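Colleague: One structure coming up, written as structure tokens, with questions to follow.
What follows is calculated from the coordinates using simple rules that are stated; it is not laboratory data. Only a predicted model underlies this, so the values are computations on that prediction, with no experimental measurement involved. Positions of Cβ are backbone-derived with ideal geometry, glycine not excepted, and every protein chain shown enters the neighbour counts.
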């Protein structure tokens, strides 16, 4: 069919490429067991209280949730010593990012992103007619705030910053970030995507509330998909000044969070905080073990504060990922980011991580002819 009447900006937008599912890989390679270490999910979730709450909520799916989400906002706000006026909820963190693009990005606006980061920032900015500029990272994959600052123009409207960054796992210096935010010109917003923040050393992360109390142009975006184990329930939120929250809620679609996700998130915050903390501790321990194991094998490994690790395999990443796939291990090739020999692997359960290392050894031994 010949399509007409489509906005020209859409021609520049690339569709999001999701990682393969376990079911897909089982069918394709006729495997009985597959482990998924490609989408940065939490294999310990959802937690028992969340499961029970979501099961009960199914009986109410014929009705809309409370459109103001007051109780959920209040529950989230308590974690940061704020009240509900500072919180907006959304259909996953991705839904909030799209709402922010609609809020800030106008045709021709200058948008800044680091060279290697979450691809959705570029696409939603292009969709709104923004002109995206990418700034280089340091050799050790750190986001270079100095380069970002030097690239800010009078018509820069958004700086998208993922912290910890995806796919590198690195974090920016919190003092430097505060200085960067204070330097932004009027009309330019810093969107701080903190989807993986729970897995980081909390002492390394910025005090987002301090930013907001100073009325700096910041929006922090968080999610229940990762540490809270609710990726399929799709619930995210933003922390911002109440005046901006009113704008976000106006731009967002009505009922932009579902009953199942709200019930699961509420139950997790109310009853499963200790389980979440235990999971984070295990992930941090396994992350360290996995980084050490990869370094011992001679790979260049980048210091991660997320629930995944980026490393240079010294092999064509697409082929290496495919060879691992045939052994039932799903990882993410970083070739899509322009990192042709790099692989991103999610930190899974201890047994899953062992399976990955064994499969990786087979792949490298095959290439080396051992």
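Colleague: Can you give me the convex hull volume of the Cα atoms of region 152-210, divided per residue and expressed in Å³?
Modeller: Hull volume normalised by residue count: 91 Å³.
Colleague: Enter the Cα centre distance for the pair region 266-341 and region 67-125, rounded to the nearest angstrom.
Modeller: 25
Colleague: Continuing with this model, one more query. What's the percent breakdown of Cα-Cα distances in region 192-284 across 5 Å bins, shortest bin first?
Modeller: 2, 12, 19, 22, 20, 15, 8, 1
Colleague: Here is a follow-up. Rounded to the nearest whole Å³, what is the per residue volume of the convex hull around the Cα atoms of region 246-293?
Modeller: Hull volume over Cα atoms, normalised by residue count, gives 139 Å³.
Colleague: With label points built 7 Å along Cα→Cβ from the Cα atoms of residue 131 and residue 203, find their separation and express it in nm.
Modeller: Result for the modelled spin labels: 4.5 nm.
Colleague: When only alpha-carbon atoms count, how far does region 48-271 stretch along each of its three principal axes, as whole angstroms with the largest first?
Modeller: 53, 36, 30
Colleague: For region 140-266, divide the Cα radius of gyration by the Kirkwood radius and give the resulting Rg/Rh value with two decimals.
Modeller: Numbers: Rg = 15.4 Å, Rh = 15.8 Å.
Over the Cα atoms of region 140-266, Rg/Rh equals 0.98.
Colleague: Another question, if that's okay. How do the peptides 148-154, 4-10 rank, highest first, by the average count of neighbouring beta carbon atoms within 10 Å per residue?
Modeller: 148-154, 4-10
Colleague: May I ask what percent, to the nearest 5, of DSSP beta bridges between residues of the chain are antiparallel? Working shown, then result.
Modeller: Working: 18 of 37 bridges.
Counting only bridges with both partners in the chain, antiparallel ones make up about 50 percent.
Colleague: Rounded to the nearest 5, what % of the DSSP beta bridges within region 187-339 are antiparallel ones?
Modeller: Taking every DSSP beta bridge with both residues in region 187-339, the antiparallel ones total about 60 percent.
Colleague: Pull up the DSSP beta bridges for region 35-185 and report the antiparallel fraction as a percent, rounded to 5.
Modeller: 10
Colleague: Right, another one. Once you have the Kirkwood Rh of region 7-57 from its Cα pairs, apply Stokes-Einstein at 10 °C and 1.306 mPa s and quote D in µm²/s.
Modeller: Numbers: Rh = 14.6 Å.
Once the numbers are plugged in, D ends up at 109 µm²/s.
Colleague: May I ask for the distance between the Cα centers of region 181-205 and region 140-177, given as a whole number of Å?
Modeller: 9
Colleague: Relative contact order for the chain using alpha-carbon pairs under 8 Å, separation at least 6, rounded to a whole percent?
Modeller: Reported relative contact order: 22 percent.
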